[in-house]
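The values are calculated or read from the model by the stated rules, or taken from the named source; none is laboratory data. Fair warning: this is a prediction, and the values are worked out from it, not measured in the lab. Positions of Cβ are backbone-derived with ideal geometry, glycine not excepted, and every protein chain shown enters the neighbour counts. Keep in mind that these areas ignore ligands, DNA and RNA; they rest on the heavy atoms of the full protein, side chains included. Shrake-Rupley method; radii C 1.70, N 1.55, O 1.52, S 1.80 Å.
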Amino acid sequence: MTRFLDRSLILHLAVIAALFAAQYLLPSYHHTNIARIMVLAVFAMGYNIAFGYTGLLSLGHALFFAAGLYATGLGVEQWGLPTGIALIGGLAAGGAVAVATGLLALRTGGVSFMIVTLMFAQAGYLTILYFGAVTRGDEGFVISTAARSLGGLVLSDSTTRYFMALALFAVAMLAKLALVRSPTGRVLVALRENEERSRMLGFDPFRYKLLALGISGLYAGAAGAAYAVLFGYVGATFASIQYSILPLLYVLLGGAGTVLGPFLGALVMFYLIDISSGYTTAHLAVVGLALLILVLFAPKGILGALRERGLKWLP
Amino acid sequence: MAAVTLLSARGLTRHFGGLRAVDGVDFDLESGRIHALIGPNGAGKTTFVSLLCGRIPVQSGSITFAGQDITRLPAHERVARGIAYTFQITSIYANLSVFDNVALPVQRRGSRTLAADTMAALDRVGLAGLAGQTAGTLAYGHQRLLEIAMGLALSPRLLILDEPTQGLALSEIDGFKALVRSVIPETTVLLIEHNMDVVMDLAETITVLNFGQTLASGSPAAIRANPAVQAAYLGGGHA
Amino acid sequence: MEFGPFLLLALMEGMVMSAVLALTAVGLSLVFGVMRVVNVAHGEFFMLGAVAAWFVTQAVPGHPALGFAAALLLAPLFVGAVAALADGLILKRLNYDPEATIVATIGLSYIFQQAALSFYGPDARPVLAPFDLRLQLPWFGYSGYKIAVVIAAALILIGIWLFMTRSRAGLVMRATQADRDTARAFGINVDRVFATVFALGAAMAAMGAVLIVPIQQAHYLMGHDPLLLSFIVVIIGGLGSLRGTLVAALLIGLSDGVISVFFSPTLAKILATLFVALVLVFRPQGLFGGQR
């Protein structure tokens, strides 16, 4: 049994190593793409902790991503915070907003939970528009290059950006691997599989779901915060419903309840749109068709299907 | 040895619309014994134990467990205090491994040696050899055993078994009886059971429910001789 | 303008909003009530209705009223057919599993948006009102067409209500809503009922859109607000309760009109979304639930 677990650790370290090597092997056109994919994958990994592992289908994760994005963006740009502090603020904002949402939304379940999270995220999006004087609404604002540096590292530089995104990605993935292998991770899966049974084994469903949503929010907040300083733009689009659907799409595609699934989903989806844009401008249809095909024919996603066909050890 | 009351209920009531599923039941459970709860179908047995373990909220009445009032405690806190419930309809984690199914209750009771304790708990019911298998693929009898193993793995002070022998083969029932006897007296057992041979063989005390009310309570011999019980079971249902 | 007339204007605008919202939301509520499906593509059915109305009015020569009448008939039929197709091809295969259908209808909404963008384009285009009448009140002039919208919506809703309560098809739908399995046991073709209900729900959104399109132009992203507001109305009214939905549509439409006129449309929507989230959390049967 232990041998199997080691195998999965090696796999995940290999993915990180491959991404490290990719910076030197791939043409520079891909560097920005993959940096973006890694940051969005962190967002999706957080989504997966709530949806894939705990079974909480949220339609409001854009709110947590935006909380991190705006806390960090406004922090460095308008409140003059040091970048490091603003990044931690973004992380904390994501977690705090998720816990606050969870305290209310987790009183419901199933379809109601989806709609409540959707509504909170919508209210958040509209609030950003309403305070357009500060947030610049839909138009958004650019973060000055001066503010995009951390301890002497120039984050707007393509190579630095890549490695910062990789560092965040690696930490997020290994932390997630540790979580899903821990006893706490086992309880989260148990809640997804059979909530009533878990309750009668003495686990408080509300507490554990709140924990999962809070961690999920930390991931989303971290991704949003990193996005702000690495790519230098903050806008209301990131709080809209599309950015709640995006992690859901990545997770479904890669495989819900797998550690690597969100990254794989983000990678495949990004390049699917990138390549298809050579043939068609119908990006919306690509996303829509992907969702339909997944839900109809491959509800377990790429890694979920692999896990069913022999790779049972895949975490 | 003086009898110590582990759990007592007073005036316990739960109505569903016009149906009086449990209607003012007084009940005492002595520590370290096997207590059976019997009664015709629809007598309110499952509702009654659901009130005890907290799956269903109490409408009126009170429950005391180990000297403390637990009437308003949520189910998971009652489990923490030592009440374990095994489901009438097998409720295991079908998609998880047998090991994970039992590791959950073991980690809940705060074990420091999770893997070893989990294997020990599986060994106790003879499922150690199947630890790596997906629980949903087990034979039915094994799933029932796993369900019981999950309850036992909590090391509860009170184990509530809701029709545990339902669907078991005769050969499996003997093993089950030995298993239940082996947990006494550390764990008190409250057993809902239809199989009268099992009841008469295992139980030291029997309570009979009928139409949500206590019909009789006493030793197996006393219950067998009770005319009201005989009427309820044999008198054509409309007695 | 003084406060009184200003409030009257706000209420009249709110009535128009309520009327269209009621049509759209009753469609959503019907689908949820009978099929237990949360249709995220409902807003896109609304949008498709508006876009279809533009195409129909372009194709019909002569007086605007002629084209408009054709649109009022054809656009809902077209949208209903699209919905029935989506039900048969996708939702049915998912066995109407709640989470899977939500993901699927999200997918559908992207595809509908893309279809509108590809075939209709990114521009907002107007449809001419069937008649041009201006009512002169003592304080301000008001569009006669807007009042006609309220009346038309009320007539359609009465029609739907009669259909649901008096016709055999309506009885079959209500039986399916009450208990799907029993309905099937009594020989009701549940698959056909579901396809019909999904088509009818979508067609109602389309009717609302055709009525609104002379006031608000057709655009491929216009489905967003109707979806959100319909959700709000359906939830506040109590999921699946038609009467509650109507009352809630009136409440939300009027308060949205008033808050939008006196404060800001964005603030009105923020308050409405927060309100609905709290209703779901603390009163899941809706504000008017239980009187079904």
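Taking a ≥ b ≥ c as the square roots of the Cα gyration tensor eigenvalues, segment A:1-147 comes out oblate, since a/c reaches at least 1.5 and a/b does not exceed b/c. Give the shape of segment A:1-84 as rounded, prolate or oblate, defined through the alpha-carbon gyration tensor: a ≥ b ≥ c are the square roots of its eigenvalues, a/c under 1.5 means rounded, and otherwise the shape is prolate if a/b is larger than b/c and oblate if not. Note, shape of segment A:1-84 comes out oblate.
On a per residue basis, the convex hull of the C-alpha atoms belonging to segment C:171-292 measures out at 127 Å³. Calculate the FRET efficiency for residue C:282 and residue C:243 from the Cβ-Cβ distance with a Förster distance of 35 Å, rounded to the nearest 0.05. It comes to 0.95. Under DSSP H, which helices of chain A have Cα atoms covering 27 Å or more of the helix axis and a Kyte-Doolittle average no less than -0.5? Helix filter hits for chain A: A:2-25, A:29-48, A:83-105, A:110-130, A:158-181, A:205-231.
Under the simplified labelling scheme, the residue A:207-residue B:72 pair shows an inter-label distance of 1.9 nm, with each label point 7 Å from Cα along Cα→Cβ. Averaging Cα coordinates gives a centre for segment C:28-97 and one for segment A:87-163; these two points are 35 Å apart. Axis of helix B:170-183 versus longest Cα principal axis of chain B: the two differ by about 90°, to the nearest ten degrees. Phi angles across segment B:217-232 convert, under the Karplus curve 6.51 cos²θ - 1.76 cosθ + 1.60 with θ = phi - 60°, into 3J(HN,Hα) values of 8, x, 6, x, 5, 5, 5, 4, 8, 6, x, 5, 5, 4, 5, 5 Hz, Gly and Pro given as x.
Taking the alpha-carbon distance from residue C:146 and a cut-off under 15 Å, which aspartates and glutamates remain once sequence neighbours fewer than 8 residues away in the same chain are dropped? Counting by Cα, and skipping residues close in sequence, residue C:146 has these aspartates and glutamates nearby: C:13, C:132. Normalised by 2.2 N^0.38 Å, where N is the number of residues, the C-alpha radius of gyration of segment C:1-139 stands at 1.29.
Between residue A:28 and residue B:16, the simple spin-label model (points 7 angstrom out along Cα→Cβ) gives 7.1 nm. Normalised by residue count, segment A:2-308 yields a Cα convex hull volume of 140 Å³ per residue.
From the Kirkwood radius over Cα pairs of chain B, Stokes-Einstein at 10 °C and 1.306 mPa s returns a whole-number translational diffusion coefficient of 86 µm²/s. Using the Kirkwood radius over C-alpha pairs as Rh, can you work out the diffusion coefficient of segment B:40-131 via Stokes-Einstein at 4 °C, viscosity 1.567 mPa s, in µm² per second? My calculation gives 85 µm²/s for D. Averaging the sequence gap over all C-alpha pairs within less than 8 Å and six or more residues apart, then dividing by the number of residues, gives chain B a relative contact order of 26 percent.
Scaling the Cα radius of gyration of segment A:105-210 by the globular reference 2.2 N^0.38 Å produces a ratio of 1.58. Highest mobility in the GNM of chain A, judged by mean-square fluctuation with C-alpha springs under 10 Å and restricted to A:14, A:228, A:165, is found for A:14. Residue C:279 contributes an accessible area of around 10 Å² to the protein surface, as traced by a 1.4 Å probe with all chains present.
Under a model in which nothing but the beta-carbon of Lys, Arg (+1) and Asp, Glu (-1) is charged, segment C:1-112 shows a dipole of about 320 debye around its Cα centre.
Per-residue accessible area (protein heavy atoms, 1.4 Å probe) orders A:300, A:312 as A:312, A:300, starting from the largest. Helix-only arithmetic for the protein assembly as shown: the sum of -39500 (n - 2.57) across DSSP H runs with n ≥ 4, divided by the residue total, places the mean residue ellipticity at 222 nm at -20500 deg cm²/dmol. Given a Förster radius of 41 Å and the C-beta distance between residue A:167 and residue A:305 as r, what FRET efficiency does 1/(1 + (r/R0)^6) yield to the nearest 0.05? About 0.85, to the nearest 0.05. Each semi-axis of the equivalent ellipsoid for the protein assembly as shown is √(5λ) with λ an eigenvalue of the Cα gyration tensor; in descending order they amount to 52, 38, 24 Å. Label points 7 Å out from Cα along the Cβ direction at residue A:131 and residue A:157: separation in nm? About 3.5 nm, to one decimal. Under a Gaussian network description of chain B, with springs only between Cα atoms under 10 Å, the residue in B:42, B:17, B:32 that fluctuates furthest is B:17. Looking at segment C:105-168, the pairs of alpha carbons with a distance over 16 Å make up 71% of the total.
Once the mean of 1/r is taken over each pair of separate Cα atoms and inverted, segment C:22-222 shows a Kirkwood hydrodynamic radius of 17.7 Å. The residue B:60 and residue C:137 beta-carbon pair, evaluated with R₀ = 51 Å, returns a calculated FRET efficiency of approximately 0.25. Reducing segment B:65-113 and segment C:123-198 to their Cα centroids gives an inter-centroid distance of 51 Å.
Among B:35, B:180, B:50, whose Cα sits farthest toward the positive end of the charge dipole of chain B (+1 at Cβ of Lys/Arg, -1 at Cβ of Asp/Glu, about the Cα centre)? Among B:35, B:180, B:50, the one farthest towards the positive end of the dipole of chain B is B:50.
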